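The structure appears right after this line, and notes come after that.
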């Protein structure tokens, strides 16, 4: 059997993920996240290119005031570095490390890549407006029973089901 | 008593190292569960693969049970940890924008990073798009988003207290609903995949 | 579902039952956040004046619960009418929760000055209780203003004279003049209605 098609049991993966979330809260008081790390990298880059602008603009200002500490040196950035290492490790173990494009067989590579770009842009904007993405706000938020996590859950997954019909050509 | 870093029990550098180690676990599990496969992710909306739903709910339920038990036994102070504040209007609108992003792009930020580093070209483009989106948001923050982002402010709201029940009751109800859902999606997936072969 | 899936979901259900049982047997830890607390502390109506207290005591206000935060010795030598002695260190004992955490009675903390009362009040706010007040100036001011009121100077306003005459009357009512060997009638503790748990929440940023 093809090893690259075998996956860990979903419930076991979920339970272990929950245990790692508890560990993140216990040791660092932080929730797992991804968009927050991307935001930190963007802020650090803009700050490097034009510090004067970053120090004045309201979106950047709060994060770039401390001159001694880079705005990229946050817990989430280190966590994402770990995520990268962990994903590569797992993919190597299962023999899934190879260049490819994931898509439905009915659409062209070009369509898939354009869709991925648009989807990425929307996710970037949405995660900033909604104060976090699926992992940072919804999953971690649900873990501490925060109302915002459940609102995000309804918006993202509910919205997904509403929209699924209109974009079915991309996936089926 | 936890959390260790916010209460000063461990230093900044050790905290970053712990973040890295926890990240390894997070990334490994996302990859091992199949979250780098965009077909598996999108399957949740079409009924042929529910891995997202299963992993997501199991993780949230496990974390909630663990955290509230630890809080009860005095091992962690939930007042000191990261707690997403509720601003219901931007969360709802932002969530809907993310729903568009999810159904069109086929990833979310966390899974796209895992997929990008394991060789999925579409995921690399998605990460690029997300960064463009964040930069675009940042440079249009004042005129477009600043006001909207602060609307619907409710502060720190615990959903159980908001509904007027205890945390434990809410967790129990959530788990029972999840268990029923888990059973239901197994049936749905069987029916959907019986009609047609979905190549993952 | 496969057998192994059933096992994992079963583990989650067992955990959820466990969480349900332990948190429903105890008061959930209230979540008044530090920043919410700042807002509460900043509010000004946490004090009750000695005059106001005297007026309510004289009208036999049944909704008043006085909590004496000093130690037992001090309490026995002198205390206000109907006060209950709960030394500050015992305030959060389970046996007193019903007295302090409620909305039917107005709970007033006092000690010699305002010090202990302010601490007690902060603790109760942290726990999310409402309807608690601090006797401003404590027993010291009680003695100064109610038991031994000072006659206003000749140039004082009519309002001052009215206040003085009220305090004189109060002084007579509470047997003022001397506070040594006071025989204060002790009312039995009022019956207590349990207060419904308030929804916690709030925060600032």
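What follows is calculated from the coordinates using simple rules that are stated; it is not laboratory data. Values in this document were obtained by computation on a predicted structure and should not be read as measured data. A quick note on method: Cβ atoms are made from the backbone with ideal geometry, for glycine too, and the neighbour counts reach across all protein chains shown.
Return the FRET efficiency for the residue pair residue C:2, residue C:89: r is the Cβ-Cβ distance, R0 is 45 Å, and the value is rounded to the nearest 0.05.
On the way: r = 57 Å, r/R0 = 1.26.
Step by step, r from the Cβ atoms, then E = 0.20.
How long is segment B:77-154 along each principal axis, judged by its Cα atoms, biggest number first, in Å?
So the extents along the principal axes, rounded to whole Å, are 41, 39, 21.
Tell me, Kirkwood radius of segment A:1-89 from alpha-carbon pair distances, in Å?
Taking every pair of different Cα atoms in segment A:1-89, averaging 1/r and inverting gives 15.4 Å.
Between residue C:150 and residue C:172, take the C-beta separation as r, use R0 = 22 Å, and let me know the FRET efficiency to the nearest 0.05.
0.90
Order the peptides B:177-185, A:155-163, A:128-136, A:35-43 from the highest to the lowest mean number of other Cβ atoms within 10 Å of their residues.
Taking the mean over residues of other Cβ atoms within 10 Å, the ranking is A:128-136, A:35-43, A:155-163, B:177-185.
Within 10 Å, count the other beta carbons around each residue, average over each peptide in C:154-167, B:99-112, C:8-21, C:53-66, and list them highest first.
B:99-112, C:8-21, C:53-66, C:154-167
Normalising by the residue count of segment B:25-126, find the relative contact order in percent from Cα pairs under 8 Å and 6+ residues apart. Intermediate results must be reported in sequence, preceding the final value.
On the way: 67 pairs, mean separation 32.3, N = 102.
Dividing the mean separation by the residue count of segment B:25-126 yields 32 percent.
What is the mean number of Cβ atoms from other protein chains located within 10 Å of the Cβ atom of each residue in peptide C:59-67, rounded to a whole number?
The per-residue average across the peptide is 0.
Using label points projected 7 Å from each Cα along Cα→Cβ, tell me how many nm separate residue C:119 and residue B:139, to one decimal.
With each label point 7 Å from Cα toward Cβ, the separation is 5.8 nm.
Enter the per residue convex hull volume of chain B, computed from alpha-carbon coordinates, in Å³ rounded to the nearest integer. Numbers along the way, then the final one.
Values: hull volume 31.9 nm³, N = 200.
Spread over its residues, the Cα hull of chain B gives 159 Å³ apiece.
Report, for the protein assembly as shown, the % of DSSP beta bridges that are antiparallel, rounded to 5. Intermediate values should be presented prior to the final figure.
Numbers: 4 of 18 bridges.
For the protein assembly as shown, the DSSP antiparallel bridge percentage is about 20.
Could you tell me the center-to-center distance, by alpha carbons, between segment A:148-172 and segment A:66-100 in angstrom?
27
Can you give the Rg/Rh ratio of chain A, where Rg is from the C-alpha atoms and Rh is the Kirkwood radius?
1.00
Considering every pair of different Cα atoms, what Kirkwood radius, in Å, is found for segment A:102-172?
Numbers: mean 1/r = 0.0743 Å⁻¹.
When all Cα pairs of segment A:102-172 are included, the Kirkwood radius is 13.5 Å.
When Cβ neighbours within 10 Å are restricted to other protein chains, what is their mean count per residue of peptide B:149-160? Present the calculation step by step, with values, prior to reporting the outcome.
Values: counts 5, 1, 0, 1, 3, 6, 9, 15, 12, 9, 10, 5.
The mean count of partner-chain Cβ atoms within 10 Å per residue comes to 6.
Peptides A:2-13, B:58-69: what's the order by average Cβ count within 10 Å, highest mean first?
The peptides rank, most packed first, as B:58-69, A:2-13.
How big is D for the protein assembly as shown, in µm² s⁻¹ as a whole number, if Stokes-Einstein is applied with the Kirkwood radius of its Cα pairs at 37 °C and 0.692 mPa s?
Stokes-Einstein gives a translational diffusion coefficient of 122 µm²/s.
For peptide A:59-65, how many partner chain Cβ atoms fall within 10 Å of a residue's Cβ, on average?
Mean partner shielding for this stretch: 2.
Given R₀ = 60 Å, what would the calculated FRET efficiency be for residue C:73 paired with residue B:165, taking r from the Cβ atoms and rounding to 0.05? Could you put the intermediate results ahead of the total?
On the way: r = 45 Å, r/R0 = 0.76.
After rounding to 0.05, the efficiency reads 0.85.
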